[in-house]
Amino acid sequence: MGNCLLVYLSLTGFYGVEVTMGGKVEVGESSNQAARRELEEEAGITAPLDQVGTLLFTKEGVEWMFHINIYRAEEYEGEIVETEEMCPEWFPVSRIPYDRMWGSDKYWLPLVLSKKPFIGRTDFDADNHLQKWWFGHDGGAVSA
């Protein structure tokens, strides 16, 4: 879709929030295998995935840190479908709805789109409000 981003309106879990696809790694799976499986389960498509980032995030009240490997694809096969969990939406890169996404997405998603490998950390409070963040990439680091 050229300069467009496929995001999903969450119909479960974080209902009403625009999200990128994701899920948990199952026993015996690599992170890449899990990402490919989730892409097929949540969107009905397959795609060659390239890992571009690692995101660690904490949430107040949760005793562990989440470790997320971030992948991107520029092409896919199959027909994108709506599932019980997600409703697909295409957005031009210039009009990504950051105001309807997680508070940290506006900091790391541009790195994904520009193909800049990165590692980052975000900390959220119990109400999912971003408290602090840090992202490092080849061009330097940004934080708040």
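The values are calculated or read from the model by the stated rules, or taken from the named source; none is laboratory data. None of the values given here were measured: they were computed from a predicted structure. Don't worry about glycine lacking a Cβ; one is built from the backbone with ideal geometry, like all the others, and counts go over all protein chains shown.
Here is how the numbers come out for the structure above:
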quantity: Residue list for the stretch 110-130, filter: closer than 19 Å to residue 59 by Cβ and either of a type in the set (Gly, Ala, Ser) or surrounded by 14 or more Cβ atoms within 10 Å (Cβ to Cβ) (or both); calculated: 119, 120, 121, 122, 123, 124, 126, 130
quantity: Test result for residue 112, assigned to a helix (DSSP H, G or I) and in contact with a strand residue (DSSP E or B) (Cβ under 7 Å, 6 or more places away or on another chain); calculated: yes
quantity: Residue identified as at pLDDT below 90, under 27 Å from residue 133 (Cβ atoms) and surrounded by fewer than 18 Cβ atoms within 10 Å (Cβ to Cβ) among 7, 25, 93; calculated: 93
quantity: Conditions (1) under 19 Å from residue 21 (Cβ atoms); (2) touching a Lys or Arg at 6+ places or on another chain (Cβ under 9 Å); (3) of a type outside the set (Gly, Ala, Ser); (4) buried (at least 18 other Cβ atoms within 10 Å of the Cβ); number of the one not met by residue 135; calculated: (1)
quantity: Members of the stretch 19-51 that are part of a strand (DSSP E or B) and either within 16 Å of the chain's Cα centre (by Cα) or basic (Lys, Arg) (or both); calculated: 19, 50, 51
quantity: Identity of the residue in the stretch 107-124, under 11 Å from residue 52 (Cα atoms) and among the aromatic types (Phe, Trp, Tyr), that ends up modelled with the lowest pLDDT; calculated: 108
quantity: Filter pass, residue 93 being in contact (Cβ under 8 Å) with a residue 60 or more places away in the chain and hydrophobic (A, V, I, L, M, F, W, C); calculated: yes
quantity: Selection from the stretch 108-128 of residues that are in contact with a Pro (Cβ under 9 Å, 6 or more places away or on another chain) and either hydroxyl-bearing (Ser, Thr, Tyr) or more than 12 Å from residue 142 (Cα to Cα) (or both); calculated: 116
quantity: Condition met for residue 53 (at pLDDT 90 or above and buried (at least 16 other Cβ atoms within 10 Å of the Cβ)); calculated: yes
